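Trainee: Sharing a structure here in C-alpha cells format.
The values are calculated or read from the model by the stated rules, or taken from the named source; none is laboratory data. Bear in mind the structure is a predicted one, so any value in this text is a computation, not a measurement. Glycine also receives a Cβ, built like all others from the backbone with ideal geometry; neighbour counts cover every protein chain displayed. For accessibility, only protein heavy atoms count, side chains too; no ligands or nucleic acids. Shrake-Rupley method; radii C 1.70, N 1.55, O 1.52, S 1.80 Å.
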Amino acid sequence: MAEKASGGVQSVERAFELLELITNAGGEVTLSELSSFTSLPLPTIHRLLRTLVSLGYVRQLANRRYSLGPRLIRLGEVANKQLGSLARPHLKNLVETLGESANMAVLDSEMVVYIAQVPSPHSMRMFTEVGRRAHTHDTGVGKAILAQLEDDAVRDIVTRAGMPTPTEMSIGNISDLMLELKNIRERGYSIDEQEQEIGVRCFAMAVPDAPTPMAISVSGPVSRVDDAFAKRAVPLLQSAAEQISAQLNAAAAS
C-alpha cells in the first residue's frame, strides 16, 4: 500500500494509490487484482475506479479489466517537458565539458522515453529524438534504470517488452541481462557497447532517489568515446545526476 502523505486528503491519496498500482502492474489490472494489492475495501476501490473512469484517468476495457486512461497522457507529457527543462542545463554542461551528446530518459511502463537532449557540436554525433521510446535492455539509460530495480520487476519489464537485438552486440536473453545488471550495480554506471548502433558507445547513470526511474547519458562514436573518455565522463555524470536529484527532491519538498 502506498505511503500516506501527512495531512493529505484521504480520497485523493487513495485515488493516486490505485493509479500507481495499475501502473506497477503494467498498466492493466482486474478489480480482484487491485483488491489483492491494497488493504482498501472492495467497495471503496470500486467507487474510486468509477470516479477515475468518469474523469478519463482510467478506462474499463471490454474484458472488464481496468487500464490507465487517455487523460493521463497529457499530464505525463507536460511533466516530462518540465523534467527535461530542469535537466537541460546539466546536460549542456556535460556537452560543453566532454564534447559529446547528452541525454535524459525516464522509464515509461516497459520502455524508456527520451525527454531531453543536448547534441554534440561535432558533425559526426549520436542523435536521439526527444520523445523517442526505446527498449531498456539494449540502451545505456535503460540498463542504468533497470539496475535500480528488483530482479522480479526487471523480468516483468523485459518479458512484456521483448528483447530484440538491433546489433550483434545486443543482449538477447534475461540471464545475460541479469549478469550485466550485476556488473552495473558494482560499477555504478552502465555502458551501451554498440548495442543500439554499431560504432556508437554510451555511458549512462541513474538519477538517485528520483520520483520516477530516470537516467542521464553521454554518447558518441567509439573512436572518441573510449576508456580515456570514460575516466572523464563518469565523475561528471555522477555529479550531474546528484545535482538533478537534489533539485527534484527540493522541488518535491517545497
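Trainee: Restricting the search to the stretch 169-211, which residues are over 24 Å from residue 229 (Cα atoms), open to solvent by 40 Å² or more (accessible area, probe 1.4 Å) and assigned to a helix (DSSP H, G or I)?
Mentor: Answer for the stretch 169-211, where residues must be over 24 Å from residue 229 (Cα atoms), open to solvent by 40 Å² or more (accessible area, probe 1.4 Å) and assigned to a helix (DSSP H, G or I): 174, 175, 176, 179.
Trainee: Within the stretch 196-218, track down each residue that is polar (S, T, N, Q) and modelled with pLDDT of 95 or more.
Mentor: Across the stretch 196-218, the qualifying residue is only 217.
Trainee: Would you tally the residues in the stretch 109-137 being over 12 Å from the mean Cα position of the chain (by Cα), part of a loop (DSSP other than H, G, I, E, B) and surrounded by fewer than 24 Cβ atoms within 10 Å (Cβ to Cβ)?
Mentor: 13
Trainee: Of all residues in the stretch 212-234, which are more than 21 Å from the chain's Cα centre (by Cα), of a type outside the set (Gly, Ala, Ser) and part of a loop (DSSP other than H, G, I, E, B)?
Mentor: Hits for the stretch 212-234 are 222, 224, 225, 226.
Trainee: Now for a different question. Hey, among the residues in the stretch 81-99 that are in contact with a strand residue (DSSP E or B) (Cβ under 7 Å, 6 or more places away or on another chain) and surrounded by fewer than 17 Cβ atoms within 10 Å (Cβ to Cβ), which one's farthest from residue 244 (Cα to Cα)?
Mentor: Here the answer is 92.
Trainee: A further question follows. One residue is enough: does the stretch 150-159 have a residue meeting the conditions buried (at least 18 other Cβ atoms within 10 Å of the Cβ), within 19 Å of residue 22 (Cα to Cα) and touching a strand residue (DSSP E or B) at 6+ places or on another chain (Cβ under 9 Å)?
Mentor: The answer is yes, given that some residue of the stretch 150-159 is buried (at least 18 other Cβ atoms within 10 Å of the Cβ), within 19 Å of residue 22 (Cα to Cα) and touching a strand residue (DSSP E or B) at 6+ places or on another chain (Cβ under 9 Å).
Trainee: Suppose we filter 253, 240 for residues that are modelled with pLDDT under 95 and not charged (D, E, K, R); which single one remains?
Mentor: Testing whether each residue is modelled with pLDDT under 95 and not charged (D, E, K, R) leaves just 253.
Trainee: Would you mention how many residues in the stretch 221-242 are within 20 Å of residue 193 (Cβ to Cβ), open to solvent by 20 Å² or more (accessible area, probe 1.4 Å) and small (Gly, Ala, Ser)?
Mentor: Total satisfying the criteria: 2.
Trainee: Looking only at the stretch 173-224, how many residues end up being touching a residue at least 60 places away in the same chain (Cβ under 8 Å) and among the small types (Gly, Ala, Ser)?
Mentor: Count: 6.
Trainee: Let me ask you something else. What pairs come up if the first residue lies in the stretch 34-55 and is open to solvent by 70 Å² or more (accessible area, probe 1.4 Å), the second is outside any helix (DSSP H, G or I), and their beta carbons are under 7 Å apart, counting only those six or more places apart or on different chains?
Mentor: Pairs found: 39/1.
Trainee: Could we say that residue 245 is open to solvent by less than 40 Å² (accessible area, probe 1.4 Å), among the polar types (S, T, N, Q) and assigned to a helix (DSSP H, G or I) here?
Mentor: For residue 245, the condition - open to solvent by less than 40 Å² (accessible area, probe 1.4 Å), among the polar types (S, T, N, Q) and assigned to a helix (DSSP H, G or I) - is met.
Trainee: If we keep just the residues of the stretch 140-168 that are of a type in the set (Asp, Glu) and not in a helix (DSSP H, G or I), which is nearest to residue 190 (Cα to Cα)?
Mentor: Looking at the filtered set, the residue picked out is 150.
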